[in-house]
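Novice: Sharing a structure here in C-alpha coordinates format.
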Amino acid sequence: MHLLFADLRRHASSWTWACVVAVVAGACVSGQFMVMHGSLRTASAATGVNQWGISIRADMTDAAHTVSAFIIASVVLATAAVLTSTAALVIAEHQRDHGLWRALGMRPGTLRAILLGQLAVVGAVGSLGGGALGWPVARAMVPLLIDQEVALPGTTPQWETGDLIWTAVVVAGAEMIGGWGPARRAARATEMELIAGRGGAGNAWSLRRLLGVLTRIALVGGFATGVVAAAVTARSAGAMTDEAIDAVILGSFSALGLVCVLTPGLVPLLERLLGLLPARGPAWLVATRTASLQSRRSAATVLPFLVAIGLVAVMFGATHAGFGNMRLSGFLAMFSLALVTAWSGGVAVIAMSASGRRRDAALLEAAGARERTVLAAQVLEGALHAGAAVILGLLVSVATSAFMAAASGAGVLATIVRGPWGELGVVGGLALATTCLAVVASARAGRRRSVGEVLRARE
(Lines give C-alpha, C1' and ligand atoms only; values in the text may rest on other atoms or scores of the structure.)
Protein backbone atom coordinates (compact mmCIF):
# COMPACT_ATOMS: atom_id res chain seq x y z
CA MET A 1 0.00 0.00 0.00
CA HIS A 2 2.89 2.36 0.77
CA LEU A 3 4.41 1.71 -2.67
CA LEU A 4 1.01 2.11 -4.33
CA PHE A 5 0.42 5.61 -2.97
CA ALA A 6 4.08 6.67 -3.20
CA ASP A 7 4.10 5.79 -6.90
CA LEU A 8 0.86 7.71 -7.43
CA ARG A 9 2.45 10.79 -5.85
CA ARG A 10 5.68 10.44 -7.80
CA HIS A 11 3.89 10.14 -11.15
CA ALA A 12 1.18 12.64 -10.28
CA SER A 13 1.59 14.46 -13.61
CA SER A 14 0.21 11.50 -15.61
CA TRP A 15 -2.16 10.07 -12.99
CA THR A 16 -3.72 13.51 -12.52
CA TRP A 17 -5.06 13.46 -16.06
CA ALA A 18 -6.50 10.00 -15.55
CA CYS A 19 -8.26 11.40 -12.46
CA VAL A 20 -9.53 14.41 -14.43
CA VAL A 21 -11.11 12.17 -17.05
CA ALA A 22 -12.63 9.97 -14.33
CA VAL A 23 -14.10 13.01 -12.56
CA VAL A 24 -15.59 14.37 -15.80
CA ALA A 25 -17.12 11.00 -16.58
CA GLY A 26 -18.45 10.67 -13.04
CA ALA A 27 -19.97 14.15 -13.15
CA CYS A 28 -21.78 13.39 -16.41
CA VAL A 29 -23.11 10.06 -15.15
CA SER A 30 -24.15 11.45 -11.75
CA GLY A 31 -25.70 14.57 -13.31
CA GLN A 32 -27.89 12.61 -15.68
CA PHE A 33 -29.11 10.38 -12.84
CA MET A 34 -30.14 13.54 -10.97
CA VAL A 35 -31.96 14.82 -14.05
CA MET A 36 -33.80 11.52 -14.45
CA HIS A 37 -34.96 11.47 -10.83
CA GLY A 38 -36.13 15.09 -11.07
CA SER A 39 -37.99 14.44 -14.33
CA LEU A 40 -39.71 11.38 -12.92
CA ARG A 41 -40.76 13.24 -9.77
CA THR A 42 -42.22 16.15 -11.76
CA ALA A 43 -43.98 13.77 -14.16
CA SER A 44 -45.54 11.78 -11.30
CA ALA A 45 -47.18 14.97 -10.00
CA ALA A 46 -48.59 16.01 -13.42
CA THR A 47 -52.31 15.78 -14.17
CA GLY A 48 -54.47 16.01 -17.28
CA VAL A 49 -54.01 14.75 -20.83
CA ASN A 50 -52.04 16.08 -23.80
CA GLN A 51 -53.34 17.00 -27.27
CA TRP A 52 -53.42 13.34 -28.32
CA GLY A 53 -55.52 12.29 -25.35
CA ILE A 54 -52.64 10.55 -23.56
CA SER A 55 -52.08 11.07 -19.85
CA ILE A 56 -49.36 13.68 -19.31
CA ARG A 57 -48.07 11.71 -16.35
CA ALA A 58 -47.66 8.51 -18.37
CA ASP A 59 -46.29 10.33 -21.42
CA MET A 60 -43.64 12.33 -19.54
CA THR A 61 -42.66 9.35 -17.36
CA ASP A 62 -42.05 7.28 -20.48
CA ALA A 63 -40.09 10.16 -22.07
CA ALA A 64 -37.94 10.58 -18.95
CA HIS A 65 -37.12 6.86 -18.88
CA THR A 66 -36.39 6.63 -22.62
CA VAL A 67 -34.29 9.78 -23.01
CA SER A 68 -32.38 9.24 -19.77
CA ALA A 69 -31.62 5.64 -20.72
CA PHE A 70 -30.26 6.80 -24.10
CA ILE A 71 -28.13 9.57 -22.60
CA ILE A 72 -26.79 7.39 -19.78
CA ALA A 73 -25.98 4.58 -22.23
CA SER A 74 -24.08 6.97 -24.53
CA VAL A 75 -22.16 8.43 -21.57
CA VAL A 76 -21.32 4.93 -20.30
CA LEU A 77 -19.97 3.95 -23.74
CA ALA A 78 -17.90 7.13 -23.97
CA THR A 79 -16.68 6.61 -20.40
CA ALA A 80 -15.62 3.03 -21.11
CA ALA A 81 -13.73 4.02 -24.28
CA VAL A 82 -12.00 7.02 -22.71
CA LEU A 83 -11.02 5.37 -19.42
CA THR A 84 -9.76 2.28 -21.26
CA SER A 85 -7.41 4.46 -23.35
CA THR A 86 -6.12 6.55 -20.44
CA ALA A 87 -5.66 3.55 -18.14
CA ALA A 88 -3.67 1.67 -20.78
CA LEU A 89 -1.49 4.69 -21.56
CA VAL A 90 -0.69 5.57 -17.95
CA ILE A 91 0.39 1.98 -17.21
CA ALA A 92 2.49 1.81 -20.39
CA GLU A 93 4.25 5.07 -19.47
CA HIS A 94 5.62 3.63 -16.23
CA GLN A 95 6.63 0.15 -17.38
CA ARG A 96 10.35 0.87 -16.86
CA ASP A 97 9.65 1.43 -13.16
CA HIS A 98 7.65 -1.79 -13.14
CA GLY A 99 10.66 -3.58 -14.62
CA LEU A 100 12.85 -2.28 -11.79
CA TRP A 101 10.32 -3.49 -9.23
CA ARG A 102 10.36 -6.93 -10.82
CA ALA A 103 14.17 -6.95 -10.95
CA LEU A 104 14.23 -6.20 -7.20
CA GLY A 105 12.16 -9.30 -6.49
CA MET A 106 8.50 -8.27 -6.82
CA ARG A 107 6.19 -11.11 -7.80
CA PRO A 108 4.06 -10.73 -10.97
CA GLY A 109 0.85 -11.05 -8.95
CA THR A 110 1.95 -8.27 -6.60
CA LEU A 111 2.71 -5.97 -9.55
CA ARG A 112 -0.71 -6.60 -11.05
CA ALA A 113 -2.38 -6.00 -7.68
CA ILE A 114 -0.58 -2.66 -7.26
CA LEU A 115 -1.54 -1.48 -10.76
CA LEU A 116 -5.18 -2.47 -10.30
CA GLY A 117 -5.14 -0.83 -6.87
CA GLN A 118 -3.93 2.43 -8.42
CA LEU A 119 -6.72 2.26 -11.00
CA ALA A 120 -9.21 1.62 -8.19
CA VAL A 121 -7.98 4.76 -6.41
CA VAL A 122 -8.45 6.77 -9.63
CA GLY A 123 -11.93 5.32 -10.03
CA ALA A 124 -12.82 6.22 -6.43
CA VAL A 125 -11.59 9.78 -6.95
CA GLY A 126 -13.65 10.02 -10.13
CA SER A 127 -16.75 8.69 -8.41
CA LEU A 128 -16.52 11.05 -5.42
CA GLY A 129 -15.52 14.07 -7.49
CA GLY A 130 -18.16 13.28 -10.10
CA GLY A 131 -20.82 12.99 -7.44
CA ALA A 132 -19.91 16.45 -6.13
CA LEU A 133 -19.84 18.02 -9.61
CA GLY A 134 -22.95 16.25 -10.87
CA TRP A 135 -25.24 19.01 -9.58
CA PRO A 136 -24.03 21.80 -11.94
CA VAL A 137 -24.10 19.31 -14.82
CA ALA A 138 -27.71 18.44 -14.01
CA ARG A 139 -28.64 22.13 -13.71
CA ALA A 140 -27.23 22.73 -17.20
CA MET A 141 -29.07 19.74 -18.71
CA VAL A 142 -32.56 20.45 -17.34
CA PRO A 143 -33.30 23.52 -19.57
CA LEU A 144 -32.21 21.57 -22.67
CA LEU A 145 -34.57 18.70 -21.87
CA ILE A 146 -37.42 21.08 -21.08
CA ASP A 147 -36.86 22.76 -24.45
CA GLN A 148 -37.13 19.34 -26.12
CA GLU A 149 -40.38 18.64 -24.21
CA VAL A 150 -39.03 15.51 -22.55
CA ALA A 151 -39.12 17.17 -19.11
CA LEU A 152 -41.84 19.35 -17.64
CA PRO A 153 -41.25 23.01 -16.68
CA GLY A 154 -40.31 23.31 -13.04
CA THR A 155 -38.15 20.18 -13.08
CA THR A 156 -35.23 20.34 -10.63
CA PRO A 157 -32.43 17.79 -10.19
CA GLN A 158 -32.91 15.26 -7.42
CA TRP A 159 -30.06 13.35 -5.78
CA GLU A 160 -30.48 9.88 -4.34
CA THR A 161 -28.02 7.81 -2.33
CA GLY A 162 -27.98 5.05 -4.92
CA ASP A 163 -26.61 7.46 -7.53
CA LEU A 164 -23.19 7.41 -5.86
CA ILE A 165 -23.15 3.63 -6.01
CA TRP A 166 -24.10 3.51 -9.69
CA THR A 167 -21.57 6.24 -10.52
CA ALA A 168 -18.86 4.24 -8.77
CA VAL A 169 -19.90 1.09 -10.65
CA VAL A 170 -19.62 2.88 -14.01
CA VAL A 171 -16.44 4.90 -13.40
CA ALA A 172 -14.41 2.52 -11.24
CA GLY A 173 -15.64 -0.46 -13.23
CA ALA A 174 -14.60 1.08 -16.55
CA GLU A 175 -11.22 2.09 -15.05
CA MET A 176 -10.54 -1.41 -13.72
CA ILE A 177 -11.72 -3.19 -16.88
CA GLY A 178 -9.72 -0.82 -19.07
CA GLY A 179 -6.55 -1.37 -17.07
CA TRP A 180 -6.94 -5.12 -16.54
CA GLY A 181 -5.32 -6.05 -19.85
CA PRO A 182 -2.30 -3.69 -19.55
CA ALA A 183 -1.77 -4.73 -15.91
CA ARG A 184 -1.90 -8.39 -16.92
CA ARG A 185 0.58 -7.86 -19.76
CA ALA A 186 2.93 -5.93 -17.46
CA ALA A 187 2.83 -8.76 -14.93
CA ARG A 188 3.57 -11.38 -17.59
CA ALA A 189 6.43 -9.46 -19.27
CA THR A 190 10.02 -10.11 -18.27
CA GLU A 191 12.10 -7.60 -16.36
CA MET A 192 14.20 -6.73 -19.41
CA GLU A 193 11.16 -6.22 -21.62
CA LEU A 194 9.68 -3.78 -19.12
CA ILE A 195 12.94 -1.88 -18.59
CA ALA A 196 13.40 -1.63 -22.38
CA GLY A 197 9.85 -0.26 -22.73
CA ARG A 198 8.58 -3.31 -24.64
CA GLY A 199 6.34 -4.85 -22.01
CA GLY A 200 3.56 -6.89 -23.59
CA ALA A 201 4.82 -6.20 -27.11
CA GLY A 202 5.51 -9.81 -27.99
CA ASN A 203 4.40 -11.37 -31.24
CA ALA A 204 2.87 -14.50 -29.74
CA TRP A 205 -0.75 -15.06 -30.67
CA SER A 206 -2.41 -15.53 -27.30
CA LEU A 207 -6.07 -16.39 -26.93
CA ARG A 208 -6.81 -12.83 -25.77
CA ARG A 209 -5.14 -11.30 -28.82
CA LEU A 210 -6.96 -13.69 -31.15
CA LEU A 211 -10.30 -12.84 -29.55
CA GLY A 212 -9.53 -9.12 -29.93
CA VAL A 213 -8.79 -9.53 -33.64
CA LEU A 214 -11.93 -11.62 -34.18
CA THR A 215 -14.01 -9.01 -32.31
CA ARG A 216 -12.71 -6.21 -34.53
CA ILE A 217 -13.39 -8.27 -37.65
CA ALA A 218 -16.93 -8.97 -36.42
CA LEU A 219 -17.52 -5.26 -35.74
CA VAL A 220 -16.23 -4.27 -39.15
CA GLY A 221 -18.39 -6.93 -40.81
CA GLY A 222 -21.46 -5.91 -38.81
CA PHE A 223 -21.15 -2.21 -39.59
CA ALA A 224 -20.36 -2.91 -43.26
CA THR A 225 -23.45 -5.14 -43.48
CA GLY A 226 -25.53 -2.35 -41.95
CA VAL A 227 -24.23 0.11 -44.55
CA VAL A 228 -25.02 -2.21 -47.46
CA ALA A 229 -28.44 -3.21 -46.11
CA ALA A 230 -29.39 0.43 -45.52
CA ALA A 231 -28.29 1.43 -49.04
CA VAL A 232 -30.35 -1.34 -50.63
CA THR A 233 -33.41 -0.57 -48.49
CA ALA A 234 -33.22 3.18 -49.13
CA ARG A 235 -33.18 2.66 -52.90
CA SER A 236 -35.93 0.06 -53.00
CA ALA A 237 -38.34 1.64 -50.51
CA GLY A 238 -38.97 4.81 -52.51
CA ALA A 239 -38.27 8.46 -51.88
CA MET A 240 -39.43 10.05 -48.60
CA THR A 241 -41.02 6.88 -47.20
CA ASP A 242 -40.73 6.02 -43.53
CA GLU A 243 -38.84 2.84 -44.39
CA ALA A 244 -36.31 4.76 -46.47
CA ILE A 245 -35.80 7.38 -43.73
CA ASP A 246 -35.23 4.70 -41.08
CA ALA A 247 -32.72 3.00 -43.40
CA VAL A 248 -30.92 6.34 -43.91
CA ILE A 249 -30.43 6.86 -40.18
CA LEU A 250 -29.32 3.25 -39.69
CA GLY A 251 -26.89 3.42 -42.60
CA SER A 252 -25.44 6.74 -41.46
CA PHE A 253 -24.72 5.50 -37.94
CA SER A 254 -23.33 2.25 -39.39
CA ALA A 255 -20.94 4.28 -41.57
CA LEU A 256 -19.84 6.29 -38.53
CA GLY A 257 -19.31 3.11 -36.50
CA LEU A 258 -17.32 1.52 -39.34
CA VAL A 259 -14.96 4.49 -39.61
CA CYS A 260 -14.52 4.59 -35.80
CA VAL A 261 -13.60 0.88 -35.67
CA LEU A 262 -11.07 1.40 -38.48
CA THR A 263 -9.61 4.54 -36.85
CA PRO A 264 -6.55 2.82 -35.26
CA GLY A 265 -5.43 1.76 -38.73
CA LEU A 266 -6.60 4.80 -40.68
CA VAL A 267 -5.14 7.55 -38.45
CA PRO A 268 -1.44 6.53 -38.76
CA LEU A 269 -1.89 6.13 -42.52
CA LEU A 270 -3.56 9.54 -42.84
CA GLU A 271 -0.94 11.31 -40.74
CA ARG A 272 1.86 9.73 -42.76
CA LEU A 273 0.16 10.84 -45.98
CA LEU A 274 -0.24 14.36 -44.58
CA GLY A 275 3.47 14.27 -43.80
CA LEU A 276 4.18 13.76 -47.50
CA LEU A 277 2.67 17.13 -48.36
CA PRO A 278 5.32 19.53 -49.64
CA ALA A 279 6.30 21.92 -46.86
CA ARG A 280 9.54 23.62 -46.01
CA GLY A 281 11.17 23.98 -42.65
CA PRO A 282 12.04 21.75 -39.71
CA ALA A 283 8.78 22.48 -37.86
CA TRP A 284 6.70 20.51 -40.35
CA LEU A 285 9.24 17.67 -40.39
CA VAL A 286 9.25 17.40 -36.59
CA ALA A 287 5.46 17.57 -36.36
CA THR A 288 4.87 14.84 -38.97
CA ARG A 289 7.51 12.52 -37.49
CA THR A 290 6.12 12.97 -33.97
CA ALA A 291 2.55 12.27 -35.10
CA SER A 292 3.55 9.15 -37.08
CA LEU A 293 5.74 7.72 -34.29
CA GLN A 294 2.98 8.23 -31.72
CA SER A 295 0.41 6.43 -33.87
CA ARG A 296 -1.33 4.69 -30.95
CA ARG A 297 -1.80 7.92 -29.07
CA SER A 298 -2.75 9.69 -32.29
CA ALA A 299 -5.65 7.28 -32.80
CA ALA A 300 -6.80 7.75 -29.19
CA THR A 301 -6.57 11.53 -29.65
CA VAL A 302 -8.40 11.67 -32.98
CA LEU A 303 -11.31 9.33 -32.12
CA PRO A 304 -13.27 11.66 -29.76
CA PHE A 305 -13.15 14.54 -32.25
CA LEU A 306 -14.10 12.19 -35.09
CA VAL A 307 -17.17 11.04 -33.15
CA ALA A 308 -18.24 14.67 -32.61
CA ILE A 309 -17.80 15.55 -36.30
CA GLY A 310 -19.55 12.34 -37.37
CA LEU A 311 -22.55 12.94 -35.12
CA VAL A 312 -22.92 16.48 -36.49
CA ALA A 313 -22.72 15.09 -40.04
CA VAL A 314 -25.43 12.50 -39.35
CA MET A 315 -27.91 14.50 -37.28
CA PHE A 316 -27.68 17.86 -39.02
CA GLY A 317 -27.18 16.22 -42.41
CA ALA A 318 -30.59 14.61 -42.01
CA THR A 319 -32.11 18.00 -41.19
CA HIS A 320 -30.54 19.67 -44.24
CA ALA A 321 -31.83 16.81 -46.43
CA GLY A 322 -35.39 17.33 -45.17
CA PHE A 323 -35.59 14.49 -42.62
CA GLY A 324 -36.58 15.85 -39.23
CA ASN A 325 -35.84 19.18 -37.60
CA MET A 326 -32.75 18.77 -35.42
CA ARG A 327 -31.90 21.93 -33.45
CA LEU A 328 -28.77 22.77 -31.52
CA SER A 329 -30.61 22.39 -28.19
CA GLY A 330 -31.82 18.94 -29.18
CA PHE A 331 -28.35 17.85 -30.27
CA LEU A 332 -26.81 19.10 -27.02
CA ALA A 333 -29.55 17.46 -24.94
CA MET A 334 -28.89 14.06 -26.49
CA PHE A 335 -25.14 14.03 -27.05
CA SER A 336 -23.46 16.80 -25.04
CA LEU A 337 -22.55 14.68 -21.98
CA ALA A 338 -21.08 11.88 -24.08
CA LEU A 339 -19.14 14.36 -26.20
CA VAL A 340 -17.79 16.21 -23.15
CA THR A 341 -16.59 12.90 -21.71
CA ALA A 342 -14.96 11.84 -24.97
CA TRP A 343 -13.52 15.33 -25.63
CA SER A 344 -11.85 15.40 -22.21
CA GLY A 345 -10.32 12.02 -23.00
CA GLY A 346 -8.79 13.37 -26.21
CA VAL A 347 -7.25 16.31 -24.33
CA ALA A 348 -5.99 13.98 -21.58
CA VAL A 349 -4.24 11.69 -24.05
CA ILE A 350 -2.40 14.72 -25.47
CA ALA A 351 -1.48 15.98 -21.99
CA MET A 352 -0.26 12.55 -20.85
CA SER A 353 2.50 12.67 -23.47
CA ALA A 354 3.65 16.12 -22.31
CA SER A 355 6.94 14.85 -20.82
CA GLY A 356 8.06 13.40 -24.14
CA ARG A 357 6.98 16.55 -25.93
CA ARG A 358 9.00 18.70 -23.52
CA ARG A 359 12.07 16.54 -24.06
CA ASP A 360 11.66 16.84 -27.84
CA ALA A 361 11.45 20.62 -27.50
CA ALA A 362 14.56 20.65 -25.29
CA LEU A 363 16.47 18.56 -27.84
CA LEU A 364 15.49 20.94 -30.63
CA GLU A 365 16.59 23.93 -28.58
CA ALA A 366 19.87 22.22 -27.69
CA ALA A 367 20.43 21.57 -31.41
CA GLY A 368 20.02 25.27 -32.13
CA ALA A 369 16.35 25.57 -33.11
CA ARG A 370 14.63 28.86 -32.38
CA GLU A 371 11.76 29.02 -29.94
CA ARG A 372 9.30 29.99 -32.67
CA THR A 373 10.32 26.87 -34.63
CA VAL A 374 9.60 24.68 -31.62
CA LEU A 375 6.24 26.41 -31.08
CA ALA A 376 5.35 26.00 -34.76
CA ALA A 377 6.13 22.27 -34.60
CA GLN A 378 3.82 21.87 -31.60
CA VAL A 379 0.98 23.79 -33.28
CA LEU A 380 1.39 21.75 -36.46
CA GLU A 381 1.25 18.51 -34.47
CA GLY A 382 -2.11 19.54 -33.06
CA ALA A 383 -3.25 20.56 -36.54
CA LEU A 384 -2.32 17.11 -37.88
CA HIS A 385 -4.51 15.40 -35.26
CA ALA A 386 -7.41 17.73 -36.03
CA GLY A 387 -6.85 17.33 -39.77
CA ALA A 388 -7.08 13.55 -39.51
CA ALA A 389 -10.34 13.85 -37.54
CA VAL A 390 -11.79 16.29 -40.09
CA ILE A 391 -10.85 14.09 -43.07
CA LEU A 392 -12.43 11.01 -41.52
CA GLY A 393 -15.46 13.10 -40.51
CA LEU A 394 -15.84 14.29 -44.09
CA LEU A 395 -15.75 10.67 -45.21
CA VAL A 396 -18.68 10.00 -42.89
CA SER A 397 -20.45 13.12 -44.20
CA VAL A 398 -20.10 12.00 -47.83
CA ALA A 399 -21.44 8.53 -46.98
CA THR A 400 -24.34 10.15 -45.12
CA SER A 401 -25.09 12.40 -48.09
CA ALA A 402 -25.25 9.36 -50.37
CA PHE A 403 -27.86 7.78 -48.10
CA MET A 404 -29.81 11.02 -47.87
CA ALA A 405 -29.83 11.37 -51.66
CA ALA A 406 -31.15 7.84 -52.12
CA ALA A 407 -33.99 8.42 -49.65
CA SER A 408 -34.94 11.94 -50.81
CA GLY A 409 -34.74 11.35 -54.55
CA ALA A 410 -32.28 14.20 -55.01
CA GLY A 411 -28.86 13.86 -56.60
CA VAL A 412 -25.84 12.97 -54.50
CA LEU A 413 -23.94 16.09 -55.56
CA ALA A 414 -26.89 18.36 -54.73
CA THR A 415 -27.28 16.69 -51.33
CA ILE A 416 -23.58 17.15 -50.60
CA VAL A 417 -23.74 20.84 -51.57
CA ARG A 418 -26.58 21.58 -49.16
CA GLY A 419 -25.00 19.52 -46.37
CA PRO A 420 -24.35 20.86 -42.87
CA TRP A 421 -21.13 22.64 -43.82
CA GLY A 422 -21.63 25.46 -41.34
CA GLU A 423 -22.07 23.08 -38.42
CA LEU A 424 -19.17 20.91 -39.60
CA GLY A 425 -16.98 24.00 -39.89
CA VAL A 426 -17.76 25.00 -36.30
CA VAL A 427 -17.04 21.59 -34.78
CA GLY A 428 -13.95 21.18 -36.98
CA GLY A 429 -12.67 24.57 -35.83
CA LEU A 430 -13.28 23.62 -32.21
CA ALA A 431 -11.36 20.38 -32.72
CA LEU A 432 -8.46 22.30 -34.30
CA ALA A 433 -8.36 24.87 -31.50
CA THR A 434 -8.60 22.20 -28.80
CA THR A 435 -5.82 19.97 -30.13
CA CYS A 436 -3.44 22.85 -30.84
CA LEU A 437 -4.00 24.46 -27.44
CA ALA A 438 -3.66 21.12 -25.64
CA VAL A 439 -0.39 20.28 -27.40
CA VAL A 440 1.15 23.73 -26.81
CA ALA A 441 -0.10 24.09 -23.22
CA SER A 442 1.11 20.61 -22.19
CA ALA A 443 4.53 21.21 -23.73
CA ARG A 444 4.88 24.67 -22.15
CA ALA A 445 3.89 23.54 -18.65
CA GLY A 446 7.51 22.89 -17.67
CA ARG A 447 9.10 25.99 -19.18
CA ARG A 448 10.55 27.08 -15.83
CA ARG A 449 13.24 24.42 -16.08
CA SER A 450 16.35 24.76 -18.20
CA VAL A 451 17.10 22.59 -21.24
CA GLY A 452 19.55 20.48 -19.25
CA GLU A 453 17.07 19.90 -16.42
CA VAL A 454 14.37 18.81 -18.88
CA LEU A 455 16.71 16.37 -20.62
CA ARG A 456 17.85 14.87 -17.30
CA ALA A 457 14.33 14.61 -15.89
CA ARG A 458 12.50 11.29 -15.91
CA GLU A 459 9.13 12.95 -16.47
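Novice: Taking the residues in segment 7-39 that are without any contact (Cβ under 8 Å) to a residue 40 or more places away in the chain and either part of a loop (DSSP other than H, G, I, E, B) or among the aliphatic types (A, V, I, L, M) (or both) as candidates, determine which candidate is nearest to V340 (Cα to Cα).
Specialist: Per the stated criteria, the residue is M36.
Novice: Would you say R327 is among the charged types (D, E, K, R) and closer than 19 Å to I309 by Cα?
Specialist: Answer is yes for this residue.
Novice: If a residue must be over 30 Å from G126 (Cβ atoms), surrounded by fewer than 16 Cβ atoms within 10 Å (Cβ to Cβ) and at pLDDT 80 or above, how many such residues does segment 169-204 contain?
Specialist: 2
Novice: Going by the structure shown, is S408 buried (at least 17 other Cβ atoms within 10 Å of the Cβ) and over 25 Å from N325 (Cα atoms)?
Specialist: Criteria not met by S408.
Novice: Here's something else I'd like to know. Can you spot a residue in segment 354-368 that is in contact with a Pro (Cβ under 7 Å, 6 or more places away or on another chain) and of a type outside the set (S, T, Y)?
Specialist: Within segment 354-368, the first condition is being in contact with a Pro (Cβ under 7 Å, 6 or more places away or on another chain), and the residues that meet it are none.
There is no residue in segment 354-368 that is in contact with a Pro (Cβ under 7 Å, 6 or more places away or on another chain) and of a type outside the set (S, T, Y).
Novice: Condition (residue is polar (S, T, N, Q) and in contact (Cβ under 8 Å) with a residue 24 or more places away in the chain) applied to segment 255-264: is it met by at least one residue?
Specialist: Yes; the residues of segment 255-264 include at least one that is polar (S, T, N, Q) and in contact (Cβ under 8 Å) with a residue 24 or more places away in the chain.
Novice: I've got another one for you. Do any helices (runs of 4 or more DSSP H) entirely within segment 90-188 hold 1 or more residues that are at positive phi and more than 26 Å from the chain's Cα centre (by Cα), and if so, which? Full working, then the answer.
Specialist: Working: elements: 95-103, 108-147, 161-188.
Those helices (runs of 4 or more DSSP H) do not exist here; none qualify.
Novice: Give me a count of the residues in segment 297-312 that are free of Cβ contacts under 8 Å to residues at least 60 places away in the same chain and over 17 Å from A80 (Cα atoms).
Specialist: 1
Novice: Next question, about the same structure. Hey, any hits in segment 273-281 for a residue that's assigned to a loop (DSSP other than H, G, I, E, B), assigned by TED's automatic domain parsing to the domain that holds M352, at pLDDT below 80 and among the small types (G, A, S)? Steps first, answer last, please.
Specialist: Going residue by residue through segment 273-281, those that are assigned to a loop (DSSP other than H, G, I, E, B) are 276-281.
Filter once more, keeping what is assigned by TED's automatic domain parsing to the domain that holds M352: 276-281.
Narrowing further to those that are at pLDDT below 80: 276-281.
Narrowing further to those that are among the small types (G, A, S): 279, 281.
Yes, that holds for at least one residue.
Novice: Going by what's in this entry, would T84 be described as among the hydroxyl-bearing types (S, T, Y), without any contact (Cβ under 8 Å) to a residue 12 or more places away in the chain and either surrounded by fewer than 22 Cβ atoms within 10 Å (Cβ to Cβ) or touching a Gly at 6+ places or on another chain (Cβ under 6 Å) (or both)?
Specialist: no
Novice: Collect the residues in segment 112-139 that are basic (K, R) and either over 24 Å from Q158 (Cβ atoms) or not assigned by TED's automatic domain parsing to the domain that holds H2 (or both), keeping them in residue-number order.
Specialist: Scanning segment 112-139 gives a single hit, R112.
Novice: Just to be sure I understand the filter: pairs with C-beta atoms under 8 Å, separated by 6 or more residues or on different chains, first member in segment 125-140 and in contact (Cβ under 8 Å) with a residue 60 or more places away in the chain and over 10 Å from Q32 (Cα atoms), second member crowded, with 17+ Cβ neighbours inside 10 Å and among the acidic types (D, E). Which pairs pass?
Specialist: These pairs meet every condition: G126/E175; G131/D163.
Novice: Being out of contact with any helix residue (DSSP H, G or I) (no Cβ under 6 Å at 6 or more places or on another chain) and either β-branched (V, I, T) or in the same structural domain as D163 (by TED's automatic domain parsing) (or both), is that true of even one residue in segment 30-39?
Specialist: yes
The values are calculated or read from the model by the stated rules, or taken from the named source; none is laboratory data. Values in this document were obtained by computation on a predicted structure and should not be read as measured data. All Cβ positions, glycine included, derive from the backbone under ideal geometry; neighbour counts span all protein chains shown.
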